[in-house]
Every structure is written in structure tokens, then in C-alpha cells.
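A.B. asks: Please read through the structure below; I'll follow up with questions.
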Amino acid sequence: MKNRLKVLRAERDWSQAELGARLDVSRQAVNAIETGKYDPSLPLAFRIARLFGMTIEEIFDDGCDGGSHG
Amino acid sequence: MMDAMEAVMVEQDWQARARQRQRRINTVIGALFAVGLVCGFLVGFFEDDKAGLVAPNSIPPWLAVTSAIVFIVAVSFGSWKLMKESDEHERVIHTKTTVIAGNVMLIGFPAWFVLWKGGITPEPDALWLFMAGIISSMIAFAWYKFR
């Protein structure tokens, strides 16, 4: 899943290890999320969103166009 | 708004948590390594020198039972502890590699068994199947971890 994690991390001048430590995950997990090889669980996605003060949708893009339902 | 002192404390907090987590992981791995080293030394010390590498009855029964119990307890507890300390990404990798190893053995044995029944291969060997499972899990782990 595409995401803006790398950009948001760079804006704060954090290394992958620093971001991982702030999220209680490994540096490899951060790298895997940034490169789209791993999609975080819901709790981790919420922690990421809270850390950056944004919504999950503002950080992650599942590629589906938004649309009204019903 | 957080003042400078609070900001420093928050900074140190996540750094300390990261160090503590890594220390816990290293402790579990170190303990498992030490247990394996001691068991390996004892087996080597008491092994019958005249017996072959995979020959039966080459170590005393008390050592065989003790080693088996220690192995089961150490690996079970160590695996549980490592899964607790691992992050979700690491847990997914460990789960996938375990499934792959299991499938290699679950698929490999019936295939080998049928071929043996047809007179094409020797009888299935547990040691070879176990090694195939171990090697496939190591390859899978390396793939998922470092790709």
C-alpha cells in the first residue's frame, strides 16, 4: 500500500530507527512499510497517524477512489 | 505545548524503550545459545567415539532424555518469549517461515512415501525431511527479512 511515511519522516529529520523506536517497532518494519512490502496492522496504523497528527487516510493510500455509498 | 524538559524526557523515553526491547531480545537469544552450547558439549563429551555421526545408542539414555526435555522446554519458552518481544512485522515473518517449513515436511513426506512405495526412492528419512524443513525456513526467513 502506498504511503507518505518516508516523506513525513524526512520532514522531521528522523531516521528509520528513530521512527521505529517511537512506534515500538523495528527499523526493518519501518523500511518494509515505507517500501510497500508490508501493510501495518490497524493498531500500528493508528499509532503512526497519532504520531504525525494526521488521519490514517492522509498517510496511507489503498488505491481505491473515494465515493459515496448509497 | 510541551516544554523543553518534557521534550527531552519524551526523547529519552523512546530511546530507552528501544534499548530495553533489544536487550530483552538479546537475552533470550543468548540464553538459548548458551543452553544449546551446554547440551552440545555434554553430547559430545559423552558420545561413543566408535559410533557413527547418526548412529543410535551413542549417548547415555539419561543424557538423551535430559537433552530432549531441555530442548523442548528451551525452544518452546524461547519461541514464546521472542514472539512477545518481536514487533508485528517480525511476527509475520516468523509465522510465514514456520508455515513454509511445515509445508515442506507435510508435502515432502507423502510425496517421498509414495515414491518409496513405488520402489523409486529409498524409505523416507526423518533427518533429511527435518533438514529440508530447516533449510527452507532459513531461505524463506532470509528472503522475507532482506528482500
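A.B. asks: What percent do you get for the relative contact order of region B:86-147 when only Cα pairs under 8 Å and 6+ apart count?
C.D. replies: Averaging sequence separation for qualifying contacts and normalising by length gives 47 percent for region B:86-147.
A.B. asks: Next question. How tilted is helix B:61-85 with respect to the longest principal axis of chain B? Cα atoms for both, answer in degrees (0 to 90, nearest 10).
C.D. replies: 30 degrees
A.B. asks: Okay, next question. Going by alpha carbons, how many degrees (0 to 90, nearest 10) lie between the helix axis of B:88-117 and the longest principal axis of chain B?
C.D. replies: Taking the Cα atoms of chain B, the angle to B:88-117 is about 10 degrees.
A.B. asks: Averaged across the residues of A:21-28, what count of C-beta atoms belonging to other chains lies within 10 Å of each residue's C-beta?
C.D. replies: 6
A.B. asks: Give me the distance in nm between label points sitting 7 Å out from Cα along the Cα-to-Cβ direction at residue B:34 and residue A:58, one decimal.
C.D. replies: So the two model labels end up 4.9 nm from each other.
A.B. asks: Using the count of nearby Cβ atoms within 10 Å as a rough guide to exposure, how do B:96, A:37 rank from fewest to most?
C.D. replies: The fewest-first ordering by Cβ neighbours comes to A:37, B:96.
A.B. asks: In 10 Å bins starting at zero, report the fraction of Cα pairs in region B:83-146 per bin as a rounded %.
C.D. replies: Once binned at 10 Å, the Cα pair distances of region B:83-146 give 23, 39, 23, 12, 3.
A.B. asks: Follow-up. What residues from region B:18-47 fall in the zone where the backbone N is under 14 Å from a label point 7 Å along the Cα-to-C-beta line of residue A:51?
C.D. replies: Counting only backbone N, you get B:18-19.
A.B. asks: Give the cross-link partners of residue A:2 among the lysines, using a straight C-alpha distance below 28 Å as the criterion and excluding same-chain residues fewer than 8 apart.
C.D. replies: Of all the lysines, those that pass the test against residue A:2 - Cα under 28 Å, at least 8 places apart if same chain - are A:37, B:96, B:145.
A.B. asks: Given points 7 Å out from each Cα along the Cα-Cβ axis, report the residue B:91 to residue B:121 separation in nanometres with one decimal.
C.D. replies: 3.6 nm
A.B. asks: Oh, and also: Report the full-extension gain for the segment residue B:135 to residue B:99: residue separation times 0.36 nm, less the Cα-Cα distance, to one decimal in nm.
C.D. replies: Gain in length upon complete extension: 11.7 nm.
A.B. asks: Using only the C-alpha atoms of chain A, find the volume of their convex hull and express it per residue in Å³.
C.D. replies: Spelled out: Cα convex hull of chain A, divided by residues, is 94 Å³.
A.B. asks: Under a straight-distance cross-link criterion of Cα-Cα below 15 Å, which aspartates and glutamates are reachable from residue A:6, leaving out those fewer than 8 residues away in the same chain?
C.D. replies: Straight-line reach from residue A:6, under 15 Å: A:18, A:34, A:39, A:58, A:61.
A.B. asks: Pairs of Cα atoms under 8 Å, at least six residues apart: use those to get the relative contact order of chain B, whole percent.
C.D. replies: Relative contact order of chain B: 21 percent.
A.B. asks: Magnitude of the Cβ-charge dipole of the protein assembly as shown, K/R +1 and D/E -1, about the Cα centre, nearest 20 debye?
C.D. replies: For the protein assembly as shown, the charge dipole is close to 200 debye.
A.B. asks: Treat each spin label as a single point 7 Å out from the Cα along the C-beta direction, and report the residue B:64 to residue B:143 distance in nm.
C.D. replies: Here the answer is 3.7 nm between the modelled labels.
A.B. asks: Go through A:38, A:25, A:54 and say which Cα lies farthest out towards the positive end of the charge dipole of chain A; charges sit on Cβ, +1 for Lys and Arg, -1 for Asp and Glu.
C.D. replies: Selected residue: A:25.
A.B. asks: I would also like to ask the following. For chain B, with a Gaussian network of springs between Cα atoms less than 10 Å apart, report the residue from B:105, B:131, B:83 with the top mean-square fluctuation.
C.D. replies: Sorting by GNM fluctuation, first place goes to B:131.
A.B. asks: Still on this model: Helix-only estimate, please: 222 nm mean residue ellipticity of chain B, summing -39500 (n - 2.57) across DSSP H runs of length 4 or more and dividing by its residues, to the nearest 500.
C.D. replies: -29000 deg cm²/dmol
A.B. asks: Divide the volume of the convex hull of the Cα atoms of chain B by its number of residues and quote the answer in cubic angstrom per residue.
C.D. replies: Per-residue hull volume (Cα only) is 162 Å³.
Quick note: the coordinates plus some simple rules give every number you see, no bench work behind them. A quick note: this is a predicted structure, and the numbers were derived from the prediction, not measured. Reconstructed Cβ throughout: ideal geometry from the backbone, glycine too, with neighbour counts over all protein chains shown.
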